[in-house]
Amino acid sequence: MFALILAGGAGTRLWPRSRAALPKQLLALTGGDTMMQATVKRVLPIVPLEHIFIATNREYAPLIRAQIPGIPAENIVEEPSGKNTAPCIGLAAARMRQLDPNAVMASLHADHFIADEEGFRQALLAAAEVAQEGYLVTLGITPDKPETGYGYIKRGAELGDYNRHTVYEVSQFLEKPDLATAERFVASGEYYWNSGIFIWQLSTLLDCFRQYMPEFYEQLGQMEQAMAAGQAIDAIWQQIQGESIDVGVMEKAAKVAVAPVNIGWNDVGSWAAIHEINQKDENGNVALEAEHLAIGTTGTLVQGNGRLIATIGLEDVVIVDSGDALLVCARDKVQDIKKVVEWLKAQGRNELL
């Protein structure tokens, strides 16, 4: 098995710690390791380091090499520019094909948190068995609440048991629902959150690119020829139409399966998520990289900069001190951090982005 770790995002929802020059996947937000390091360690028991590939922006490649010593240089897939997930997955698949055209690839994200790591690995092994039958497989997260921020997957007919996991055909991919629809999804027991974690045979995936994204498939062949000749791919890459793997392939393919899992998954998409997954004190407070003196304070996250932070009479607040910027907001308003980022861009405050 090969693993591809997608690590190109800027992570602006975790401003002011996550910046364009040092995004969230390269930060230690969930423990001693950075999220990138944790992702690599999570799969090492079943995927050797020489079979782990990382797709990222060129500017992040030196940081990744420093964080993951020993990874082969050619396993860092450097994108000349962001083109969404389908092109970078395709580029990595083309490289893997040179090593083993019949291999299975797991496409993962560098910024996910998974509490049950052994359960996750067993699910990947189950999905690999299904993938060898020609299916594109996704891990579906069993929902524990009517979440409106995720896409959903509706299961269809049962395919069978694989490595002690019941796997189903995918009936439908659905966009982020409103609350009433999400409540109906959860109550039915037939819907799962779309984790964006995919498992497939390289040959199956590349055939799907040929069938559903023919222009990109032709460009992929041109890039393979350029790389084989030691030439740059930039000119070809700039002509590629950006597309997500969900829209470009998964929603169109005929043989798609979902393996439901309950593994403590979190996409760490906000400071509220950081509060949720970290250890809390008896009052529900979380302190990271800071000494927190909490007086009459509950449900609050403090992400510090090595200084003492004292809070008095706060409830459900997020405080993030990055040294050059300070964020203070209600925990249920963290999605509005994007407004701060938009304001900084409009003001040309690039040193804070």
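The values are calculated or read from the model by the stated rules, or taken from the named source; none is laboratory data. These numbers were taken from a predicted model, which means no experiment stands behind them. Ideal geometry is used to build each Cβ from the backbone, glycine not excepted, and the neighbour counts take in all protein chains shown.
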Residue selected from the stretch 290-320 under the condition free of Cβ contacts under 8 Å to residues at least 24 places away in the same chain and in contact with a helix residue (DSSP H, G or I) (Cβ under 7 Å, 6 or more places away or on another chain), by the criterion surrounded by the most Cβ atoms within 10 Å (Cβ to Cβ)
317
Pull out all pairs, ordered by first then second residue, where Cβ-Cβ is under 8 Å, the residues are six or more apart or on different chains, the first lies in the stretch 234-245 and is among the polar types (S, T, N, Q), and the second is outside any loop (DSSP other than H, G, I, E, B).
239/219; 241/215; 241/216; 244/85; 244/86
List every residue pair whose Cβ atoms sit under 8 Å apart, with the two residues 6 or more apart in sequence or on different chains, where the first one lies in the stretch 126-140 and is over 17 Å from residue 249 (Cα atoms) and the second, anywhere, is assigned to a loop (DSSP other than H, G, I, E, B).
126/163; 126/164; 128/1; 129/163
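Mind checking which residues of the stretch 321-353 are small (Gly, Ala, Ser), surrounded by fewer than 14 Cβ atoms within 10 Å (Cβ to Cβ) and over 18 Å from residue 268 (Cα atoms)? Let's see the steps before the verdict.
If we filter the stretch 321-353 for residues that are small (Gly, Ala, Ser), which is where we start, we get 322-323, 325, 330, 346, 348.
Next cut, surrounded by fewer than 14 Cβ atoms within 10 Å (Cβ to Cβ) only: 323, 330, 346, 348.
Residues satisfying the conditions are 323, 346, 348.
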With respect to residue 5, determine if the residue is part of a strand (DSSP E or B), in contact (Cβ under 8 Å) with a residue 40 or more places away in the chain, out of contact with any Phe, Trp or Tyr (no Cβ under 8 Å at 6 or more places or on another chain) and crowded, with 24+ Cβ neighbours inside 10 Å.
no
Can you tell me how many residues within the stretch 19-76 are within 17 Å of the chain's Cα centre (by Cα), polar (S, T, N, Q) and not in a loop (DSSP other than H, G, I, E, B)?
5
Does at least one position in the stretch 131-151 carry a residue that is in a helix (DSSP H, G or I), under 21 Å from residue 261 (Cα atoms) and at pLDDT 95 or above?
yes
Looking at the stretch 277-289, I want the residues that are more than 15 Å from residue 115 (Cα to Cα) and have a partner that is of a type in the set (Gly, Ala, Ser) with Cβ atoms under 6 Å, at least 6 apart or on another chain. Which pairs are those?
284/299; 285/294; 289/304
